[in-house]
Each structure stands twice: as C-alpha cells, then as structure tokens.
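These notes concern the structure reproduced below.
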Amino acid sequence: MSVVINAENISKLYRLGILSSRTIAQDVNRFIARVRGKEDPYMKVGEINDREKKSSGQFIWALKDINFKINSGEIIGIIGNNGAGKSTLLKILSRVTTPTTGNVRIKGRVASLLEVGTGFHQDLSGKENIFLNGSILGMTKDEIKSKYDDIVEFSGVEKFIDTPVKRYSSGMYVRLAFAVAAYLEPEILIVDEVLAVGDAEFQMKCLGKMQDVSTKEGRTVIFVSHNMGAVRSLCTSSILLEKGMIKNTGNTDSIISEYLKINSESIEAFREFNDQNSDTYFKKISVRPENANIPSSEIEVLKSFTVVFNYYMKRNIPGLSLGFSVYSKNGMKILYDSQTIKKLTEDTENRSGYFTAEVTIPGKFLAPGSYYINAALHLENVQLLDFLENGISFNIIESGSQLHKFNGKDMGVVLADFKWKGINENMTIN
C-alpha cells in the first residue's frame, strides 16, 4: 500500500478573542525575527489547548507537533474529547486552513463532510450542486452523469433534487452531501460528526458505504465520531488526540479503551462547568439516586436515579432542545432521549438565567457496570449550542438478595423481567 497522507510536524496556532490572527505590531515583530533567523516570538508563548484550565494568554496551540502516515485503502478513526483538535486537523487535511508550522503531503482528490451547510451553494438546486462538486473534484461532465443516478438513489431526495438546497432539512442536506462525497470517487473521504444529524437507518447505510469504498475500491476514509461503537465497527486503526497532541495511535480497540479509561478515571457524581462563552450553555450536571438529596456516583441496580442538568439561557430560543445519551464503558450507546426546553420550562418566554431539567431512569434497567453520559443543548438537531462529552460518569452496583445471581457476571447492559414457563413443572412430551 502506498502512503496517501503524510503529516509532518503539523501545528496550528490561534490568537484568542478576535477574528484577525495578528496585529501590525505582531507582523513587524515576526518580520524582524525572521530576518534575524530567529523563531516566531509568539510561538514561544502559545499555550497547550487545555480546556480544563483557565487561560490568560492570547495564543493557543490548537494542534502541536502532529505526525502520522495513512496508507491507501485504510479506514482511520480520529477520536478525542471536545477541544482535542479533531476539527482543526480535518480542516488542515481538507485544505480549508493551513498549518502554522509543518506540512501535509496528500496524494489524490479529497472530499470532506465537515459540518452541515458546507460544500454546497445554497442558491443552487441539489442537481446543480452535484455537478458543481464533481467539477471541483476535476471530473468531466460525462463522468458526473455516470454517477448521477446512484447519487440521487442513495440520498433518497429525488423528489427535491431540483429544489435549492437552502430549503432542505438538515437530514436531506446530509444525505445528499454524503452521497455526493462517496460516489464522485475521491481518493480520500473525510467524514466528521456530521452524520449524527441523519437518522439511524441512514447512519448504518453510510457506514456500510464507507466500508465498501475502502475494501472494494481501495479508497482511504478518515472518520471522526463520538460514537465509539461506530468507530469500533468501521475503523481498523485510530488516532487519539488529547489537548491538541497525539496521545497514541494503533489498533482501534486499544485506542478506544485508552480513550474511555482517560475519561473514566475520575468517576464523579457532580460536575460544574466554567465555559461561559455562549448565550446558552450547561453549568452543572449531577446523578442523584432514588430518594436521595445529594449526588452519588454509585447507583444500586434495583433503584431508579435522576440525572440533573443545570443550564443557562440568555434569552428564549424557539426550538431549543436538551438531549442526552447513556453509553457503556466500551462506548456502546445504550439510549438517547431529548425534550424541548419549552416543555421543560413553560415560563421561559421572556426570561433569562439558570434553569434545571431532570430525567429519571428506572431501576433494574441498566446492568451493573460503568456508564457515562453525553449531553447537548441543540437547535432542532441542526445546531449544537453546547455539548458535554463524558459529562458525567457513574457506576451501577449490585445490591439486595435478589441479585446474588450476578456475582460479577457479564449480564450485558440492559436487564429485563423475562417470563418463563415449565421450570420445576412436570410436563408431558407427546
């Protein structure tokens, strides 16, 4: 296999708080340093991208000294917490932005799905955008025509193919965008968390297609997701990013285990968050056992428990929802639910401030083991206003005489009261 992506010492430095990356004075200082053969003075003061610590500096390394090689036909997963540098790395690989230092050598055409709304011209129809994207990739009109029917069929938006994409729902948009990226035959396909917008059936369809373009067509896929189950099933190798640096690379199972271990080392019943850079954000999250007034990280398996979300809203946002997912320790999503804020707090029409939402999970539902919760404040499944990855972790523990049968056995993740017949009964066999 040949190397199609070679990243050498990639670093990306950002200046915080403003749109411009520098001032005239900084440009002069950089020029003087370059003339004297010295290092850029602002690279020396750049801080590591650690979201858990408050930063007082102006410069921060979104990525620092990233090195890796990817061969043709590989499916590579990139995982890490929010702020680890995943999106910045993908933008560099997609040539949306350039690295501050280092370079990337890419062999072949690249198609990227980075976020909902990118890659298409909003005023053009779905059909016109298919031909536009094919032309950008260097394909001829006849080559695009030969793939057109497959793209439309896969996307399932044939009825709306002549409608401007600005009128598409987020799900329709992602369906067409993925179909275009997959069928117009780029040598490298880069897919970010954007697939989470689609329904479960379409996500499985996309995962199957990515598997096919790699194994059957020899193309390279780079996949970023917070769904560890999807990463595990699709990717043979993975890269773990932490605070803008590569923590480890290797077999996907071992990388996911390391990632989950990092995030579960501190099982906490209560967490408070200080990221107040938006008008809507989570402030606190806690787990409270049944009939308890204080949080606890250990929940008895027979008892229900309540997850408490404290969040801030500067103003009422129509369509704003709060959603959460429960994951097992190996990254399998167990359940998801969401509720609109208006239903949670009917009196928020003209109010701002802190609000509380609670959701109760019944007892004898999750088997003994370790779990964690992701939570999101989102606008109609399109725009994420705040997202807590591994927002809280907790343990379901064995308790009571009814549970002697567990004895540390692997019971799976979901319990149920099955109805049996014929046990200890005399039965006639005809």
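I'd like the chymotrypsin sites (Phe, Trp or Tyr not before Pro) in segment 61-158 restricted to DSSP loop residues with at most 13 other Cβ atoms within 10 Å, sorted by number.
Filter output for segment 61-158: empty list.
State the extension gain, in nm to one decimal, for the chain segment bounded by Ser135 and Glu201, taking 0.36 nm per residue of separation less the distance between their alpha-carbons.
20.8 nm
Which entries of Lys107/Lys127; Lys69/Lys145; Lys107/Lys329; Lys69/Lys284; Lys69/Lys159; Lys91/Lys141 have Cα-Cα distances beyond 30 Å here?
Lys69/Lys145; Lys107/Lys329; Lys69/Lys284; Lys69/Lys159
What ranking, highest mean first, results for peptides 132-144, 2-14 when packing means the other Cβ atoms within 10 Å averaged over each residue?
Per-residue mean Cβ counts within 10 Å order the peptides as 2-14, 132-144.
Express in nm, to one decimal, how much length is gained between Ser278 and Asn251 on full extension, taking 0.36 nm for each residue of separation and deducting their alpha carbon distance. If you can, show how the numbers build up before the last one.
Details: separation 27, 0.36 × 27 = 9.72 nm, distance 3.70 nm.
The span from Ser278 to Asn251 would gain 6.0 nm if fully extended.
7 Å from Cα along Cα→Cβ at both Arg105 and Asp123: what's the point-to-point distance in nm?
Distance between the two pseudo-spin positions: 4.2 nm.
Throughout, read-outs are computed from the coordinates displayed, never taken from laboratory work. Bear in mind the structure is a predicted one, so any value in this text is a computation, not a measurement. Methodologically, a virtual Cβ is constructed for each residue, glycine included, from the backbone with ideal geometry; neighbour enumeration extends over all protein chains shown.
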